[in-house]
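A.B. asks: A single structure is presented below for examination.
The values are calculated or read from the model by the stated rules, or taken from the named source; none is laboratory data. These figures come from a predicted structure and were not determined experimentally. Every residue, glycine as well, gets a Cβ built from its backbone with ideal geometry; the counts of neighbours run over all protein chains shown.
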Amino acid sequence: MTEVSDPPAYAPFSYATAPNAELYRRVMHAFVRAKERFTVHLRPEDVGSALQDDGGGTVPVDVVTSALDQLASPGWGNLVAFPDSSRVTAIEDFYRRRMLYQLSRAGEAAERALRVYDESLGSRGALQAVALEDIAILLRSLRRSLAEDDAPAVPGAEDRDEDRGARDGVDEARIHQDLRSLRDRFTELADNAVVFMGSVQRSIDLQDADLDAFLAYKERLIEYLERFIADLVTRSAQISAILSEFTAAEVQHMCTIAARRESLDAAPGQPTDEEAGERVRDLTHTWLRRWQGLSDWFVSTPSRDSEAKLLRARARSAVPSLLAVVAALHERHSGRSDRSADFLTLASWFASMPDDGARHRLWRTAFGLTSARHLTTTAETEDAWERARVGPSTPWAQAPGLQVSPQLRKTGSYERRGRQNRVTDRSNAKAVLAARARAESEQTAAARRRILTDGPVRVSTFARLDPEAFRLFLALLGDGLSLLHPGRDAAEVHTSDGGLRLVITRIPDAPPARLRTEHGSLTGPDHQVDISLVGTAQV
């Protein structure tokens, strides 16, 4: 028996670029659809019927058979062929070639990869605000499931072990289902966001874009971006707050439940206890990585911004970029010339010139690269050049001499005679700058000392502040208030140099606070603040 070598690693993709690629794709698509209906083997007449039903027209059986044989050839390996003896009713039928065809693993993988490729090219993605709401709902459902697991047992239920086990099984099933739904929804949200922002960037760069279509939907696109940004600000804060409620032990418990339930679906093979335990540990680590990815997407850390925050910033920057593109397109349509149009026009003029001399004259006129006025030549030199017709490749030693105008001796160079200029003494100016920097540093240090608090105090206790202290306090207060999202009552911020730390806490139903300065008063809701030095910072 002759041993057939395995086809090359990417040979199953050959049918996508073959001369008859359209027919091969239809045949492979027919096999994939049949397998989705749990039909594994197909005969040539079955494939012909499927091709007729897909709306692409009728294909003769001999053409279908030829395509099947090519797909089942060792060079491609998309299909596997088997002798078909199920319909043999006479001796003559044994001598007729009858084959059954089945998708190979490589062929199925190649066709599904091509389908994903086609879908990716036709997809523009979306910013799914509804997915944000679904993620928040699923996280709350997980919190309720964990709370029910921790709830005390009902009196008298100690003897009902079967009922308790059934109840625990339902809880684990619900946790597993919520985790799977959360994984699918989050993956869909992240993937669609990446695809959508990529399509928006291509629209901004005007790559593969229909200008009329872009101008037609620009207002809806900008409105869509602004609406998603508003939803993302609210929902991401809610999701971040819910994620912070899960402890490490609870996350480990949920991931272990999901891993244990998924390990029960392993293919038969009677694994040992050690192998089963290893599979549960691997699945648990996989779920832990997924949960960490979800947390990184919505929760920021001091060293890293969350993906939701980066997406929000990217979506915000896309709005003015789109408006700039629209403005540029309107200017182009209104007839206003730009540099690219000027260069295209100049290139057409160069192409229409009759000879190189005319092109050189056009070059000097367009770019002003004329000779220096003090290096003019005499009329005799120009006549000699015209007679000699010296080309640009002629060595300078063989070229005729150059007669330079006598005026060059008078105007071509200039040397100043006498003593050199004295070096300017800038020590006084440096001293003034050093004194000014020292005064500004002392002024900043004094402003810091005036706003330091010995523990938490109310904003209203700062009755009056000088302009420098007020400017520093207002910057700290603004940074802290920007972090008090809905559902968050406390925040901590630092100055840009890390010297000061502000801890701000919301006070429910607090009366208004008023800060007075030399330039006026600032009124707003009262908060509790704690301003302190960090580390070895000096004031």
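A.B. asks: Within the bounds of the stretch 80-102, is there any residue that is modelled with pLDDT of 70 or more and not assigned by TED's automatic domain parsing to the domain that holds GLU36?
C.D. replies: Within the stretch 80-102 (the criterion being modelled with pLDDT of 70 or more and not assigned by TED's automatic domain parsing to the domain that holds GLU36), the answer is no, since none of the residues qualifies.
A.B. asks: In addition: Taking GLU492, is it touching an Asp or Glu at 6+ places or on another chain (Cβ under 8 Å) and closer than 27 Å to GLN443 by Cβ? Reasoning before the result, please.
C.D. replies: On the way: touching an Asp or Glu at 6+ places or on another chain (Cβ under 8 Å): no; closer than 27 Å to GLN443 by Cβ: yes.
It is false that GLU492 is touching an Asp or Glu at 6+ places or on another chain (Cβ under 8 Å) and closer than 27 Å to GLN443 by Cβ.
A.B. asks: Hey, another quick one. Restricted to the stretch 34-70, and to residues that are out of contact with any Leu (no Cβ under 9 Å at 6 or more places or on another chain) and assigned to a loop (DSSP other than H, G, I, E, B), which residue is modelled with the lowest pLDDT?
C.D. replies: GLY55
A.B. asks: Next question. Pairs please, first residue from the stretch 242-257 and under 17 Å from ASP178 (Cα atoms), second anywhere and of a type in the set (Ser, Thr, Tyr), Cβ atoms under 8 Å, 6+ apart in sequence or on different chains.
C.D. replies: LEU243/SER295; GLN252/THR284; CYS255/THR284; THR256/THR284
A.B. asks: State all residues of the stretch 36-76 that are surrounded by fewer than 16 Cβ atoms within 10 Å (Cβ to Cβ) and among the hydrophobic types (A, V, I, L, M, F, W, C); if no residue qualifies, say none.
C.D. replies: Result: PHE38, VAL40, VAL61, VAL63.
A.B. asks: Go over the candidates THR365, THR377, THR301 one by one and state the one that is at pLDDT 80 or above, more than 30 Å from THR495 (Cβ to Cβ) and out of contact with any helix residue (DSSP H, G or I) (no Cβ under 8 Å at 6 or more places or on another chain). Before you say what the answer is, go through the steps one by one.
C.D. replies: Numbers: THR377 fails: at pLDDT 80 or above; THR301 fails: more than 30 Å from THR495 (Cβ to Cβ).
Testing whether each residue is at pLDDT 80 or above, more than 30 Å from THR495 (Cβ to Cβ) and out of contact with any helix residue (DSSP H, G or I) (no Cβ under 8 Å at 6 or more places or on another chain) leaves just THR365.
A.B. asks: Then there is this: Being part of a strand (DSSP E or B) and charged (D, E, K, R) is the filter here; which residues of the stretch 471-519 pass it?
C.D. replies: Hits for the stretch 471-519 are GLU492, ARG501, ARG506, ARG514, ARG516.
A.B. asks: Next question. Would you be able to tell me the number of residues in the stretch 296-327 that are in contact (Cβ under 8 Å) with a residue 24 or more places away in the chain and within 18 Å of GLN128 (Cα to Cα)?
C.D. replies: Residues flagged as in contact (Cβ under 8 Å) with a residue 24 or more places away in the chain and within 18 Å of GLN128 (Cα to Cα) within the stretch 296-327 amount to 13.
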